[in-house]
Amino acid sequence: MNKIVIWGSTAASVSVIEQIRAHDKQCAVTLIAFDGHHPYRRDLFAPLLAKEIALDKVFMKSREFFEWNNVEVVLDKKISRINIKRKIIFTEDKEQIDYEVLVIADTPENRFPPIKGATKTRVFGYKKLKDIEQITKELPLVNAVTIHSDRFAGLQAAAAIAGRKKEVLVIASENNFISEHFEEDAAQWLVGRFEEIGVRIIRGNPLTEILGDGDAKAVRLKSGKVFATDIVIFVEMDEDLRLFSGSELQMASQIYVDRSFRSNIKSIFALDLVGLSQETALDINLVNEPALLEAQAKTAVGAIYGQDVPFHVPVVPQTLKWEGFDLTVIGQTVRGEGVEVRQTFDRETGKYRALYIKGNRVVGAILVNEDSQARTWKEEIERGESIDIGGASEEREHTAVEAHNPENNPSEGISTELIDH
């Protein structure tokens, strides 16, 4: 292999570099970043907005990592076009970057939904660090923030911004995280808990227009209701694939890839949010997790070097917490053929549990106010063993209590974090 070019500053890019160097110490590697930053972790955007961590904590590696691995990092170039047949990338300042293999982990710009007013100022995406930096600068100056999202990441962002004493409105479609994962009684209770911290969630009443002369000043919903706002954040957006328009690359809002993340063009791979594969379909709520992107990189780079490395979705717990409340999502929580969902909800205690079962195996879980059970179910999902679900919950709950009782295990105190990220 002579030269591999990587697009994007996501966690996937770092994993690709690590996997390349595990195979090949000499191959030329170029990383093209689109927002002027070395690779970073999107899963840390919420704590960054909440001022729980400093900016330097979101970066995957130090700058020395790229020097040690002999990676050319391009931070200040804009791509003007690409010639797929000749395998050449052209920049706006007439520079040419050739490649033997192109790995696409991100695309150049935000592509907001086709909503009137989306091009106004103070309208941001939630995918690039440059947007998060700008939101962070604006937050002290504003009172109200609108978040357009159907995903768990949108709820994390909402809670983080509400913690900064801002009014937060979340606008979600009918197919949103809460409606898809909770029965309506539990969903309404959960929406109420968010309202207690200053987050209003509107489901099934789409955003149709962003109002304001220059800056975003208000949002209008399909019902005609108008809400004042100072900032609008789009968590989900289509990929910016305009550079490939008119090419033979098969794509829609994402690039179609096979189980090794290779596109129909043999020299082009697409990872992270850019690639779409029916063979490696996964829970969209996991896409910000570095462990998932590392697994993608292992499979893709293996294919680059002629190896068949199966893609395994890691069991990655995701959490959302504030005082007196915790919500944990573990594993695959996608409803589909052959998947049974067993739910229990106690309104008085606020405890909720949904187990996603396929072939008598627990493949995913959603827990509310059951933090003590999170590690137990994570381990159960990782084992992948066939179990008797009927009596499993009570038995595992007893096991979890015993395992995490400080009297039985002196090394664990009450404040011990139970989830391994």
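The values are calculated or read from the model by the stated rules, or taken from the named source; none is laboratory data. These numbers were taken from a predicted model, which means no experiment stands behind them. In this analysis, Cβ positions are derived from the backbone assuming ideal geometry, glycine residues included, and neighbour counts consider all displayed protein chains.
Within the stretch 243-261, is there a residue that is more than 23 Å from the chain's Cα centre (by Cα), under 30 Å from ARG203 (Cα atoms) and of a type in the set (Val, Ile, Thr)?
Taking the stretch 243-261 first, the residues more than 23 Å from the chain's Cα centre (by Cα) are 243-250.
Narrowing the set further to residues that are under 30 Å from ARG203 (Cα atoms) leaves none.
No, that holds for no residue.
So which residues in the stretch 320-341 are over 14 Å from ALA291 (Cβ atoms), in contact with a helix residue (DSSP H, G or I) (Cβ under 8 Å, 6 or more places away or on another chain) and modelled with pLDDT under 95?
Across the stretch 320-341, the qualifying residues are THR333, ARG335.
Looking at GLY324, GLY338, GLY350, can you tell me which residue is at positive phi and surrounded by 15 or more Cβ atoms within 10 Å (Cβ to Cβ)? Spell out the reasoning first.
Details: GLY324 fails: surrounded by 15 or more Cβ atoms within 10 Å (Cβ to Cβ); GLY338 fails: surrounded by 15 or more Cβ atoms within 10 Å (Cβ to Cβ).
Going through GLY324, GLY338, GLY350 in turn, the sole match is GLY350.
Being touching a helix residue (DSSP H, G or I) at 6+ places or on another chain (Cβ under 7 Å) and among the hydrophobic types (A, V, I, L, M, F, W, C) is true for just one of ILE88, ILE4, ILE17, ILE32. Which residue is that? It would help to see each step written out before you state the result.
Working: ILE88 fails: touching a helix residue (DSSP H, G or I) at 6+ places or on another chain (Cβ under 7 Å); ILE17 fails: touching a helix residue (DSSP H, G or I) at 6+ places or on another chain (Cβ under 7 Å); ILE32 fails: touching a helix residue (DSSP H, G or I) at 6+ places or on another chain (Cβ under 7 Å).
Result: ILE4 is the single residue among ILE88, ILE4, ILE17, ILE32 that is touching a helix residue (DSSP H, G or I) at 6+ places or on another chain (Cβ under 7 Å) and among the hydrophobic types (A, V, I, L, M, F, W, C).
Considering only the stretch 185-194, state which residues are surrounded by 17 or more Cβ atoms within 10 Å (Cβ to Cβ) and free of Cβ contacts under 8 Å to residues at least 60 places away in the same chain.
ALA187, VAL191, PHE194, listed by residue number.
Any chance the stretch 242-261 includes a residue that's surrounded by 15 or more Cβ atoms within 10 Å (Cβ to Cβ), touching a Pro at 6+ places or on another chain (Cβ under 8 Å) and assigned to a strand (DSSP E or B)?
The first filter runs over the stretch 242-261 and keeps only residues surrounded by 15 or more Cβ atoms within 10 Å (Cβ to Cβ), leaving 243-244, 247, 249, 251, 254-258, 260-261.
After this cut, where a residue has to be touching a Pro at 6+ places or on another chain (Cβ under 8 Å) as well, the list is 243.
Next cut, assigned to a strand (DSSP E or B) only: none.
Checking the stretch 242-261: not a single residue is surrounded by 15 or more Cβ atoms within 10 Å (Cβ to Cβ), touching a Pro at 6+ places or on another chain (Cβ under 8 Å) and assigned to a strand (DSSP E or B).
With respect to THR319, determine if the residue is loosely packed, with under 14 Cβ neighbours inside 10 Å and of a type in the set (Ser, Thr, Tyr).
Working: loosely packed, with under 14 Cβ neighbours inside 10 Å: no; of a type in the set (Ser, Thr, Tyr): yes.
Judged against the criteria, THR319 is not a match.
Is it true that LEU249 is touching a residue at least 24 places away in the same chain (Cβ under 8 Å), under 28 Å from ASP35 (Cβ atoms) and in contact with a Phe, Trp or Tyr (Cβ under 6 Å, 6 or more places away or on another chain)?
Values: touching a residue at least 24 places away in the same chain (Cβ under 8 Å): yes; under 28 Å from ASP35 (Cβ atoms): yes; in contact with a Phe, Trp or Tyr (Cβ under 6 Å, 6 or more places away or on another chain): no.
No: the conditions fail for LEU249.
Among the residues of the stretch 324-349, write down those that are within 15 Å of SER179 (Cβ to Cβ) and part of a loop (DSSP other than H, G, I, E, B).
Across the stretch 324-349, the qualifying residues are THR333, VAL334, ARG335.
Collect the residues in the stretch 216-232 that are in contact (Cβ under 8 Å) with a residue 40 or more places away in the chain and either of a type in the set (Lys, Arg) or out of contact with any Asp or Glu (no Cβ under 8 Å at 6 or more places or on another chain) (or both), keeping them in residue-number order. First the steps, then the outcome.
We begin by selecting, within the stretch 216-232, every residue in contact (Cβ under 8 Å) with a residue 40 or more places away in the chain; these are 216, 219, 221, 227-232.
LEU221, PHE227, ALA228, THR229, VAL232, listed by residue number.
Of all residues in the stretch 51-68, how many are surrounded by fewer than 18 Cβ atoms within 10 Å (Cβ to Cβ) and among the hydrophobic types (A, V, I, L, M, F, W, C)?
Residues flagged as surrounded by fewer than 18 Cβ atoms within 10 Å (Cβ to Cβ) and among the hydrophobic types (A, V, I, L, M, F, W, C) within the stretch 51-68 amount to 5.
List the number of the failed condition for ILE201; all other conditions in (1) over 20 Å from ASN285 (Cα atoms); (2) touching a helix residue (DSSP H, G or I) at 6+ places or on another chain (Cβ under 6 Å) hold.
All conditions are met except number (1).
Could you say whether any residue in the stretch 79-100 is buried (at least 19 other Cβ atoms within 10 Å of the Cβ), closer than 27 Å to LEU276 by Cα and aromatic (Phe, Trp, Tyr)?
Step one: list which residues in the stretch 79-100 are buried (at least 19 other Cβ atoms within 10 Å of the Cβ), which gives 82, 89, 97, 99.
Remaining after also requiring closer than 27 Å to LEU276 by Cα: 82, 89, 97, 99.
Okay, now just the ones that are also aromatic (Phe, Trp, Tyr), so 99.
Checking the stretch 79-100: at least one residue is buried (at least 19 other Cβ atoms within 10 Å of the Cβ), closer than 27 Å to LEU276 by Cα and aromatic (Phe, Trp, Tyr).
Determine if the stretch 298-315 includes at least one residue that is within 30 Å of LYS165 (Cα to Cα) and surrounded by fewer than 19 Cβ atoms within 10 Å (Cβ to Cβ).
Pass one, the stretch 298-315, residues within 30 Å of LYS165 (Cα to Cα): none.
Taking every residue of the stretch 298-315 in turn, none turns out to be within 30 Å of LYS165 (Cα to Cα) and surrounded by fewer than 19 Cβ atoms within 10 Å (Cβ to Cβ).
Within the stretch 285-313, work out how many residues are among the basic types (Lys, Arg) and farther than 13 Å from SER260 by Cα. Talk me through it step by step, then tell me what you get.
First, the residues of the stretch 285-313 that are among the basic types (Lys, Arg): 298.
Within this subset, residues satisfying the condition of being farther than 13 Å from SER260 by Cα are none.
Counting residues in the stretch 285-313 that are among the basic types (Lys, Arg) and farther than 13 Å from SER260 by Cα gives 0.
Go over the candidates ILE115, ILE135, ILE147, ILE161 one by one and state the one that is surrounded by fewer than 19 Cβ atoms within 10 Å (Cβ to Cβ) and among the aliphatic types (A, V, I, L, M). Talk me through it step by step, then tell me what you get.
Working: ILE135 fails: surrounded by fewer than 19 Cβ atoms within 10 Å (Cβ to Cβ); ILE147 fails: surrounded by fewer than 19 Cβ atoms within 10 Å (Cβ to Cβ); ILE161 fails: surrounded by fewer than 19 Cβ atoms within 10 Å (Cβ to Cβ).
Exactly one residue qualifies, and that residue is ILE115.
Is at least one residue of the stretch 195-210 surrounded by 21 or more Cβ atoms within 10 Å (Cβ to Cβ) and outside any strand (DSSP E or B)? Give the derivation first.
Let us first name the residues in the stretch 195-210 that are surrounded by 21 or more Cβ atoms within 10 Å (Cβ to Cβ), namely 199, 201, 207, 210.
Restricting the remaining residues to those that are outside any strand (DSSP E or B) gives none.
No, there is no match, as no residue in the stretch 195-210 is surrounded by 21 or more Cβ atoms within 10 Å (Cβ to Cβ) and outside any strand (DSSP E or B).
For the stretch 43-145, list the strands (runs of 3 or more DSSP E) that sit wholly inside it and hold at least 1 residues that are of a type outside the set (Gly, Ala, Ser) and farther than 27 Å from PHE261 by Cβ; which are they? Full working, then the answer.
Working: elements: 71-74, 79-83, 88-91, 96-98, 101-104, 123-125.
Correct list: 123-125.
Before we move on, is LEU286 surrounded by 15 or more Cβ atoms within 10 Å (Cβ to Cβ) and either under 19 Å from the mean Cα position of the chain (by Cα) or at pLDDT below 95 (or both)? Let's see the steps before the verdict.
Working: surrounded by 15 or more Cβ atoms within 10 Å (Cβ to Cβ): yes; either under 19 Å from the mean Cα position of the chain (by Cα) or at pLDDT below 95 (or both): yes.
Criteria met by LEU286.
Which one of GLN278, GLN296 is farther than 19 Å from LYS378 by Cβ and without any contact (Cβ under 8 Å) to a residue 12 or more places away in the chain? Talk me through it step by step, then tell me what you get.
On the way: GLN296 fails: without any contact (Cβ under 8 Å) to a residue 12 or more places away in the chain.
Among GLN278, GLN296, only GLN278 is farther than 19 Å from LYS378 by Cβ and without any contact (Cβ under 8 Å) to a residue 12 or more places away in the chain.
Residue check, HIS38 against (1) farther than 19 Å from GLU239 by Cα; (2) modelled with pLDDT under 95, all met but one. Which one?
If we test HIS38 against (1) farther than 19 Å from GLU239 by Cα; (2) modelled with pLDDT under 95, just (2) comes out false.
Note down all Cβ pairs under 6 Å where the first residue falls in the stretch 59-81 and is free of Cβ contacts under 8 Å to residues at least 40 places away in the same chain and farther than 9 Å from ALA33 by Cα, the second is aromatic (Phe, Trp, Tyr) and surrounded by fewer than 17 Cβ atoms within 10 Å (Cβ to Cβ), and they're at least six residues apart or on different chains.
Between residues of the stretch 59-81 that are free of Cβ contacts under 8 Å to residues at least 40 places away in the same chain and farther than 9 Å from ALA33 by Cα and residues that are aromatic (Phe, Trp, Tyr) and surrounded by fewer than 17 Cβ atoms within 10 Å (Cβ to Cβ), the close pairs are SER80/PHE90.
Find the residue count for the stretch 160-211, including only residues that are among the β-branched types (Val, Ile, Thr) and more than 22 Å from the chain's Cα centre (by Cα).
Going through the stretch 160-211, the residues among the β-branched types (Val, Ile, Thr) turn out to be 161, 168, 170-171, 178, 191, 197, 199, 201-202, 208, 210.
Pick out the ones that are also more than 22 Å from the chain's Cα centre (by Cα) and you get 197, 208, 210.
Within the stretch 160-211, residues that are among the β-branched types (Val, Ile, Thr) and more than 22 Å from the chain's Cα centre (by Cα) number 3.
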